[in-house]
Amino acid sequence: MSDHSSAMAPAPGAEARLFLAIERFPALTLYLKFALKAFQKQLAYKFEYFVGVANGLLFIFIFTSLWKNIFDTSKAAADISFSRQGMISYAVFAMIIRISMSQDDLGVMGKVRSGQIALDMIKPYNFFGATLAENIGGTMFHWFTRAMPILAVCMIFTSVTMPRDPVNYLLLILAWTLGYLIYFMVNFLFALLAFWIVETFSFQLMKYGMFTLFSGGIIPLDFFPDMVRPIVAWIPFMSVLYVPTAVFIGHLQGAQAAGFILFQAGWVVALGICCALTWRAARKKLIIQGG
Amino acid sequence: MREEAGIYLAMIVASIRAKMEYKASFLFLFVALLVFYLAQVGVIVVVLTKFGDIAGWSLGEMAFLYGLMVFSQGITTILFGSLNDFESQIIAGDFDRLLVRPLSPLMQILASNFEISSIAHFFIGSTALYYGSVGAGVEWTWQKAAYLPVVMTGAVLIQGGIRLSVAAVCFWTIRNRSLVHIVVYSSKEMILYPITIYHWGMQLFLTLLLPLAFINFYPSHFFLARSGSNLLFHPFIQYLSPLVGVTLFAGAYALWRLGVSRYQSAGN
């Protein structure tokens, strides 16, 4: 992933210090810059920001209302694996984790269409790494500026409490990172479709629909009918939101949690291989239309 | 008047033909929309299979509620779809060009981008309405059959009025993308469910300020012969959708006119 960066020559003058840093930690500094740039870009849109927060709170409001109502009125609610409080926590944390991971189309499609992708290819960095770094920057921004304030609001206005056990936090970090990588790589694969298909909006729409239903963002895996649950569990989206949320609130514990996290890791490896192969095929396929 | 209608018709036909040029991507968008809405339905179906009902609404009744929303959304998207992207016309200065023509600027915008991919909405919407009325055992009388198109008109006017007001905001702020996102799209997630699941403050909000409850919640009481269950319910409220629609749309159109009159081009 880092093999190309050392090809960069040091420049004289004002930028010398930066390049000195790049010389010392060639790969890391470069990718760190990508992440910082994405973070700064996000800062530029203030109004978008407030609406984004309001949007997140709206969805939390909808689903906490839904579950409260179901647990208060439905007879079937008595014999399920979640308590009323557990289900409210699930709805809140699933949505917060979803917000922390929000990604757009990674900008790859626009680059393919405009031909800018060719410039990215001749630059001395790994394209996958650069896109990931950029995405991590945006994601960190979402964590601090969206997920955290929304969490604070929820702590004040809902009955949600944070888990006491540090193990839950460790599991969250692990499962969140793996879930994030899975989500990123699925998005990356979808974005690479732009090499073969000009109009990719339809694919995005389908992916979004599938994600809504099968990520656990709204419905936890446990609620799917017995017939389809094993299949749904295999869909990589279930690893994105369900696993981090369930291990954090303590719904999945011990061996069960470990099993799900191992499963996530398996998906990370599989998708990593898919990304590498698809990227290789895409490079061969690339035709730049004009200049 | 007749001549103008002819021009708008020609514009509509041209925009449909432009879209049909790309038959494959049109078909694909249709399929994608089906998948998207089926996933939305999937969420509700999974919850209902697990728990039986939501706030006393059975699967059939929920389907009817959903059908009213999606079908009217389909008509709204066909007629008012281009308003969601009005921001880009203001930013690029394209709106100036519409003003110098001897035609209504609003009609030009609406006719120039006729969104026919929303036949996917009609497909999903009518299936949901059909399944809903069978599942919930709706007895269709001629009153109900006659009231359905009236309710649809009201629902379309409500949604069109909301889109028009949000677009009019552009005259003051130039940008409105995030507003479109939350007011036009996200807010609709609320009426996927009967509004009685929400805090009474939100029920009031959805009745008086952003009257989305008149799109499906209140009128469906009439078709499903449900007795009222929320605080604000008066039997008469199930007939108010058309009135709310006309009022809201008139207000939105007044706001739009005001915006046009004080519009100063962003320049380019």
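We did not get these values from a lab; they are worked out from the coordinates using the rules stated. It should be emphasised that the depicted structure is a prediction, and the values quoted were computed from it without experimental measurement. Here the Cβ is made from the backbone with ideal geometry for all residues, glycine too, and neighbour counts use every protein chain on show.
For segment B:136-173 and segment A:136-157, write down the distance between their C-alpha centroids in whole Å.
After rounding, the separation between the Cα centres reads 36 Å.
Provide, for q = 0.13, 0.17 Å⁻¹, the log10 of I(q)/I(0) from a solvent-free Debye sum over equal Cα point scatterers in segment A:18-290.
Ignoring solvent entirely, the Cα scatterers give -0.94, -1.46.
Return one number: the angle in degrees, 0 to 90 and rounded to the nearest 10, between the long axis of the Cα atoms of helix B:142-168 and the longest principal axis of the Cα atoms of chain B.
Value to nearest ten degrees: 40.
What nm value, rounded to one decimal, do you get for the distance between A:Val198 and B:Lys188 when each label is placed 7 Å out toward the C-beta?
2.8 nm
What are the semi-axes of the equivalent ellipsoid of the protein assembly as shown, taken as the square roots of 5 times the eigenvalues of the Cα gyration tensor, listed largest first and rounded to whole Å?
Semi-axes from the Cα gyration tensor: 40, 34, 22 Å.
Across peptide B:35-43, what mean number of C-beta atoms from other chains lies inside 10 Å of a residue's C-beta?
Counting Cβ atoms of other protein chains within 10 Å of each residue's Cβ and averaging gives 6.
What FRET efficiency would be calculated for the residue pair A:Val167, A:Ile273, taking the C-beta separation as r and a Förster radius of 25 Å, to the nearest 0.05?
Result of the calculation: an efficiency of 0.20.
For the pairs B:Lys19/B:Lys188; A:Lys68/A:Lys207; A:Lys207/B:Lys19; A:Lys207/B:Lys144, flag any whose C-alpha to C-alpha distance is greater than 32 Å.
Checking Cα-Cα distances, A:Lys207/B:Lys144 exceed 32 Å.
If you average 1/r over every pair of different alpha-carbon atoms in segment A:49-133 and take one over that average, what Kirkwood value in Å do you get?
16.4 Å
I need the fraction of alpha carbon pairs in segment B:25-156 separated by more than 21 Å, rounded to a whole percent.
When all Cα pairs of segment B:25-156 are counted, 53 percent exceed 21 Å.
What residues of segment A:95-135 lie in the reach of a label at B:Arg177, counting those whose backbone N is under 16 Å from a point 7 Å from the Cα along Cα→Cβ?
A:103-111
Using the Cα centre of the protein assembly as shown as the reference point, and only Cβ charges (+1 on K/R, -1 on D/E), how large is the resulting charge dipole? Debye, rounded to the nearest 20.
The calculated dipole for the protein assembly as shown is roughly 700 debye.
Which GluC sites (Glu not before Pro) does segment B:106-193 hold that lie in a coil by DSSP with at most 16 other beta carbons within 10 Å?
Counting only loop positions with at most 16 other Cβ atoms within 10 Å, the GluC sites (Glu not before Pro) in segment B:106-193 are B:Glu139.
Where does each of A:Met206, A:Met185, B:Met20 land when they are ranked from fewest to most other beta-carbon atoms within 10 angstrom?
Taking fewest neighbouring Cβ atoms as first place, the list is B:Met20, A:Met206, A:Met185.
Can you compute the modelled spin-label distance between B:Ser227 and B:Ser88, with each label point 7 Å from Cα toward Cβ, in nm?
So the label points at B:Ser227 and B:Ser88 sit 5.2 nm apart.
Compute the separation of the alpha-carbon centres of segment A:60-103 and segment A:207-229 and state it in Å as a whole number.
14 Å
Give me the inter-chain shielding for A:216-226: mean count of other chain Cβ atoms within 10 Å, whole number please.
2
Multiplying the sequence separation of B:Val260 and B:Met20 by 0.36 nm and subtracting their Cα-Cα distance, what value in nm do you get?
Here the answer is 83.2 nm.
Between B:Trp200 and A:Phe263, what FRET efficiency comes out of the Förster formula 1/(1 + (r/R0)^6) with R0 = 30 Å and r the beta carbon distance, rounded to 0.05?
Computed FRET efficiency for A:Phe263 and B:Trp200 comes out at 0.10.
Karplus couplings for segment A:159-167 from phi (6.51 cos²θ - 1.76 cosθ + 1.60, θ = phi - 60°), rounded to Hz, Gly and Pro as x?
For segment A:159-167, the Karplus curve yields 8, 6, 10, 7, x, 8, 6, x, 4 Hz.
Can you put A:Lys111, A:Lys284 in order of Cβ neighbours within 10 angstrom, beginning with the fewest?
In increasing order of surrounding Cβ atoms, one gets A:Lys284, A:Lys111.
Give me the percent of Cα-Cα pairs in chain B that sit more than 24 Å apart, rounded to a whole number.
For chain B, the fraction of Cα-Cα distances above 24 Å is 52 percent.
Where does the charge balance sit around B:Ser15 when Lys and Arg score +1, Asp and Glu -1, over other residues with C-beta under 14 Å from its C-beta?
-1
So what are the ³J(HN,Hα) numbers for segment B:125-137, from phi and the Karplus equation (6.51, -1.76, 1.60; θ = phi - 60°), rounded to whole Hz, Gly and Pro as x?
Per-residue couplings from phi come out as x, 6, 4, 5, 5, 5, 4, x, 6, 6, x, 8, x Hz.
Count neighbours as other Cβ atoms within 10 Å of each site's Cβ, and list the chymotrypsin sites (Phe, Trp or Tyr not before Pro) in segment A:229-273 that are DSSP loop with at most 10 such neighbours.
For chymotrypsin sites (Phe, Trp or Tyr not before Pro) across segment A:229-273 that sit outside H, G, I, E and B with at most 10 neighbouring Cβ atoms in 10 Å, the list is empty.
Using R₀ = 35 Å, calculate the FRET efficiency as 1/(1 + (r/R₀)^6) where r is the Cβ-Cβ separation of A:Leu32 and A:Ile231; round to 0.05.
Efficiency computed from Cβ-Cβ geometry: 0.30.
Sort the following peptides by mean Cβ neighbour count (other Cβ atoms within 10 Å, averaged over residues), highest first: B:208-221, B:125-138, B:93-106.
B:208-221, B:125-138, B:93-106
Please list, in order along segment B:241-247, the HN-Hα scalar couplings obtained from phi with the Karplus expression 6.51 cos²θ - 1.76 cosθ + 1.60 (θ = phi - 60°), rounded to whole Hz, x for Gly and Pro.
3, x, 5, 4, x, 4, 4
For segment B:51-66 and segment B:174-229, what is the separation of their Cα centres, given in Å?
Segment B:51-66 and segment B:174-229 have Cα centres spaced 16 Å from each other.
Over the whole of B:9-19, what's the average partner chain Cβ count within 10 Å per residue? Rounded to a whole number, please.
Shielding by partners across B:9-19 averages 0.
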